[in-house]
Each structure stands twice: as C-alpha cells, then as structure tokens.
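Worksheet: the structure to be examined is printed underneath.
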Amino acid sequence: MDENNIILRLDNICFGYPGAGKKVLDHLNFSIHVGQKVGLIGPNGSGKSTLLHIVMGLLRPDSGHVEFLGQRPETEKDFRSIRRQVGLVFQNADDQLFSPTVLEDVAFGPLNMGMSPDQASEMSVRILNELNLNGFENRITYKLSGGEKKLVALATVLVMEPKVLFLDEPSTGLDESTREHIIDILNRLDITIVMVSHEYDYLARTTQTIYTLNNGKVEYCCNSEDLHTHYHSHPAGRMPHGHEDHR
Amino acid sequence: MIQETFAIGSSPMHRMDPRLKIVAATVFSVQTAISDHFLTLITALILGVAMVILARLKFFLVLKRLLIVNGFIFFLWLVLPLTFPGEAIFSLGPLDYTLSGVILSARITLKSNAILLSLIALTGTSYLATLGYALNQLKIPDKIIYLFLITYRYIFVIEQEYQRLIRAARVRCFEPGTNLHTYRTYAYLVGMLFVRASARAERVYHAMLCRGFAGKFHTLRQFSFTKSDLVWAFTLSAGLMFMGYLEWMKTTLF
C-alpha cells in the first residue's frame, strides 16, 4: 500500500485501564488507507471500543500517537477538528440520540460545525431521505424502535460528511431487515470505513479486509472474500441452495 | 412515561409563542404566591380556569391533575386548623379547629389550584422540548437547559434500566418485606441505578463530543412573536395588573 495514501495511523499505542493490570492495547500499530473498508474483529474485552475511543480523542493513550492525514492531534482542541472529519457510530444508539426529536438530533452536528439553522435543517432532511427515513423529522427519539434508532444514529454521523466512518458493533440487536438496510447503506458509501464487530458474517458483507485485535495488537486476518461460513440457519435450510444465495 | 397529552392541540393557548407562555406563567405564579387577599386569589383562580377553557383541554384530564394536588392539600385542611393558634370554630377533645387555620388552608388551596391551572394552560400546552428551546431564547444559562432537556430525554432510559434491575431481582424470587435483606437489595438497586446513570452520562457526553460539541448549545427552533401574541401579552398583562390592583387596594372579604 502507498504510504502517502494513509488517512489514519496509530503509532505504538499503549493503553491500560487503572487497576486492570494487563494493558488493553500493547504497542499497537495500525494504518488505514483512503477509501479502505476495514473490519476489526476480536473477542469481548479485547479493546476494540477502547481503540475507537482513542482514535476520537475520548481516551488518551499511555504512550504512542494518533496521526490523521499527517497531523498529530495532542490537545482537546486538536481532536475537535479531527472529529469534524471522523465519524463514530456508537454501539448503543441511546447513547447517541439525546435530542427530543430526530431532526434536532441529526442537525446537532452541522450546527456545531457552524452551519445556520436553515442549512443544518436542509442537510438533515437530505440525509434522512437518503437513508429512507422520510417523515422521521418530528418523531420523538426515545419512541423509535431499536432499528430506527440505529439508522437515525447513523444519519447523525453521516450528515457531518466524515472522511472516515467508525462503527462500533453496528449489527448488535438488529432484526434481519434493518441489518440488510444498514449493509446496503454502508456498501453504497464512498468513504473510508472501519467497522468493529464480532460477526465475521457481517464484516464479510461490508468490508474488504479484516484484522483481528488480540493481546493488545492488531493483526491481519484475511480478505473478506476469502471468508467462508459453514454454519448458518434460515427457514429454507433443508432446500438445495448455494452460499451466494445469502449475499 | 411522560405522555404530554396537553401539548397536543391547536387552541389559542397552543399557538401562543412559548416564550410568552413561560414569562406569563412565571409572573402569574409568583404574583399569585405572594398575594394574600381572597378577592385577588379568587380572581387568579378564575383567570386560571379561563385559560384552561381557552386551551380546550379535556376536563377529565385536568380534573385528574387537580385531584392529585388537592389530595395533598386535603391533609393541610386536617392538620393546619388544629395546629394554628386562633379563635376556635369547634373543638375535638383537647384540640381546637381554628378559624385562622381554616383561612390559611383556604388561601393555600386557592393559590395552589390557580397556579396549577395556569401552568397546565400555559406551559402544559407546549412540548417540553419546545419549552427548552424557548428557555434558550430567553437567555436562560445553557447548562440549565441541557440539564432540563437531557433529564427529559434520559429519564425514560433510566426508568427502563430500573425496570430491568427490578425484573432481575424478581426472577430470582425477590419479594420485598420488612427486613434487612429487602433494604439491602433496594440499596443495591438504587446504587446500581446511579452507577449506570453515571456511566451512561459519560457515554452520551462522549457521543456529543464526537459530533463537534464544544460547550455551546445551538438550536434549530426560531420562534416568531406574532400580532396575536402581542394581543395575548396585553391581555395577560391586564389580568396580572388587575390582580395587583386588587391586592394593592386591600379589598378583602376577611
């Protein structure tokens, strides 16, 4: 890969929670190139979410650096400008949606970026339409279903037009149709994506390369195309079918 | 769950600029609370009833809210006249039921009902979120408004978490009783609820930071003060001034 094409680099990152003993991230090195769609898989407690929080500047590493487009953010002010270009969709949509209505929540990011209320409103309506959430503008966020919350949470981040999109366990707790809808949206996006999950199946359908996070380090796992799932269940399980039928 | 049933409607009270409603409700409540004379208080109650009628709210639902408050006031009628010194109307053994206690209870009843009716008609006819944004435009400090809006947003989530904890206890055969085990269990539940609420607050704050939050709360809502709002402002001011005049004239029944 081209060294100049790197959008995000994690350089020798070490991080441990106070009192936990072993470091969660141990001299971790990882680079993401422009336009790459990367999956990051690892067992519970392996530090996947911690890694995302370090990239966003929500947690500061004990040592090492985050580098975004050649810049090394150090202070909260530096990270604020990074956050305009890097989006993070949280695992739990309830953490992300705090405004009373959907439109206000989606417009929160653009307003923080200095857009006028009219511009923010227009951008928000546009992104909601793109995600097939027409008519959701005045819905009350706490009354949305789990799947709707997830889609609106995605809209709140995409409206800021990030260069890189991080998703923390995007498939957790979703029904089949919402999963498919999100997979379809992600596959249509023309931006760099890093998706954290513990489902190979989901990563295989949305990313190109999969890495594992083990013992505090990121290691190359495989190309998504090389994955082959043997165990699967669905209503037509006994009928003759090919694996490609599930794609 | 807060249903905000009074906020649904298209009456003149619903259409009024929420900033005017907040200011009017605040001034009305304070003025009623500091007024003493019965004619002023009865006028306040009539104004409260008039505003509720104008808001075209369901009579039964308003009555239900009034009953809750008057349930507490009922205890005042039981206790105050027995404990307040003054001329006795009748005696219950060693206790005197005094006239001054009755007058005080009547004042509290009139004040509470008038204030509650005005709050139902004025602030109850706007969604809490709208009130939050109206407060923002009235230059109330940002932190108070976050607290207001985020409490409103997460009170449901915290309630769901409480229900989950209660269910977790029930499925393991927990039956509340008057014993140390029950007190300890409830202490754990409440403690865990605080821990979870605090962890969630941190996650929500992180999510806000990720979307460019830098301490300033921006809002999409812009309110416009129309001609009809101006008419309402004059009408409400006239009502408040009339109450002030009655109080100043010391025209009293007692």
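The values are calculated or read from the model by the stated rules, or taken from the named source; none is laboratory data. If you're wondering where the values come from, they're calculated on a predicted model, not measured in any experiment. Please note: Cβ atoms are built from the backbone with ideal geometry, for glycine as well, and neighbour counts cover all protein chains shown. The area values use the complete protein model at the heavy-atom level, side chains included, leaving out ligands, DNA and RNA. Shrake-Rupley method; radii C 1.70, N 1.55, O 1.52, S 1.80 Å.
Before moving on, here are some points about what is shown:
- Taking the conditions (1) assigned by TED's automatic domain parsing to the domain that holds B:LEU61; (2) more than 16 Å from the chain's Cα centre (by Cα) in turn, B:LEU122 satisfies each one other than (2).
- The single condition among (1) within 22 Å of A:PRO110 (Cα to Cα); (2) touching a residue at least 24 places away in the same chain (Cβ under 8 Å) that A:GLU161 does not meet is (2).
- Enumeration of residues in region A:80-118 that are charged (D, E, K, R) and closer than 11 Å to B:THR219 by Cα: A:GLU104, A:ASP105, A:ASP118
- Some residue of region B:157-178 being touching an Asp or Glu at 6+ places or on another chain (Cβ under 6 Å) and among the aliphatic types (A, V, I, L, M): yes
- Filter result (among the charged types (D, E, K, R) and more than 9 Å from chain A (Cβ to nearest Cβ)) within region B:142-169: B:ASP142, B:LYS143, B:GLU159, B:GLU161, B:ARG164, B:ARG167
- Selection count, region A:136-193, where residues are in contact with a strand residue (DSSP E or B) (Cβ under 7 Å, 6 or more places away or on another chain), farther than 25 Å from A:ILE210 by Cα and of a type in the set (S, T, N, Q): 2
- Neighbours by Cβ (under 7 Å, 6+ apart or cross-chain): first from region B:107-132, under 18 Å from B:ALA233 (Cα atoms) and within 14 Å of chain A (Cβ to nearest Cβ); second among the basic types (Lys, Arg) and assigned to a helix (DSSP H, G or I): B:SER126/B:LYS21
- Some residue of region A:68-84 being away from chain B (no Cβ under 11 Å), of a type in the set (Lys, Arg), within 27 Å of A:HIS27 (Cβ to Cβ) and touching a Phe, Trp or Tyr at 6+ places or on another chain (Cβ under 9 Å): no
- Residue match in region A:60-72 (condition: open to solvent by 50 Å² or more (accessible area, probe 1.4 Å) and within 20 Å of B:ALA207 (Cβ to Cβ)): yes
- Which listed residue is within 12 Å of chain B (Cβ to nearest Cβ) and either buried (at least 20 other Cβ atoms within 10 Å of the Cβ) or closer than 28 Å to B:ALA214 by Cα (or both), from A:VAL159, A:VAL152, A:VAL196: A:VAL159
- The single condition among (1) under 31 Å from the mean Cα position of the chain (by Cα); (2) in a helix (DSSP H, G or I) that B:LEU209 does not satisfy is (1).
- Long-range neighbours under 9 Å by Cβ, at least six apart or interchain, first residue closer than 16 Å to B:ARG203 by Cα within region B:134-159, second surrounded by fewer than 14 Cβ atoms within 10 Å (Cβ to Cβ) and hydroxyl-bearing (Ser, Thr, Tyr): none
- Restricting attention to region B:212-236, the residues that are open to solvent by 50 Å² or more (accessible area, probe 1.4 Å), more than 8 Å from every other protein chain (Cβ to nearest Cβ) and small (Gly, Ala, Ser) total 2.
- Sole exception among (1) within 9 Å of chain B (Cβ to nearest Cβ); (2) open to solvent by 30 Å² or more (accessible area, probe 1.4 Å); (3) at positive phi for A:ILE140, by number: (3)
- Looking only at residues in region B:90-105 that are out of contact with any Pro (no Cβ under 6 Å at 6 or more places or on another chain) and hydroxyl-bearing (Ser, Thr, Tyr), the one that is nearest to B:VAL79 (Cα to Cα) is B:SER105.
- Where A:LYS22 falls short, out of the listed (1) crowded, with 23+ Cβ neighbours inside 10 Å; (2) more than 9 Å from chain B (Cβ to nearest Cβ); (3) not polar (S, T, N, Q): (1)
- Residue check, A:SER171 small (Gly, Ala, Ser) and more than 15 Å from the chain's Cα centre (by Cα): no
- Residues (surrounded by 14 or more Cβ atoms within 10 Å (Cβ to Cβ) and either more than 14 Å from chain B (Cβ to nearest Cβ) or among the small types (Gly, Ala, Ser) (or both)) located in region A:116-128: A:ALA120, A:SER121, A:SER124
- Some residue of region A:93-104 being among the aromatic types (Phe, Trp, Tyr), outside the structural domain of A:VAL194 (by TED's automatic domain parsing) and open to solvent by less than 40 Å² (accessible area, probe 1.4 Å): yes
- The residue pairs whose first member lies in region B:162-186 and is under 21 Å from B:SER198 (Cα atoms), whose second member is open to solvent by 80 Å² or more (accessible area, probe 1.4 Å), and whose beta carbons are closer than 7 Å, counting only pairs six or more residues apart or on different chains, are B:LEU165/B:MET192.
Conditions tested, residue by residue: (1) part of a helix (DSSP H, G or I); (2) among the small types (Gly, Ala, Ser); (3) open to solvent by 40 Å² or more (accessible area, probe 1.4 Å).
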| residue | (1), (2), (3) |
| --- | --- |
| B:THR151 | yes, no, yes |
| B:ARG172 | no, no, yes |
| B:TYR186 | yes, no, yes |
| B:LEU189 | yes, no, no |
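- Qualifying residue in region A:26-48 (condition: farther than 19 Å from A:SER197 by Cα, open to solvent by less than 10 Å² (accessible area, probe 1.4 Å) and either within 14 Å of chain B (Cβ to nearest Cβ) or in contact with a Gly (Cβ under 9 Å, 6 or more places away or on another chain) (or both)): no
- Test: residue in region B:198-210 that is away from every other protein chain (no Cβ under 11 Å), open to solvent by less than 80 Å² (accessible area, probe 1.4 Å), without any contact (Cβ under 8 Å) to a residue 60 or more places away in the chain and farther than 28 Å from A:ARG80 by Cα: no
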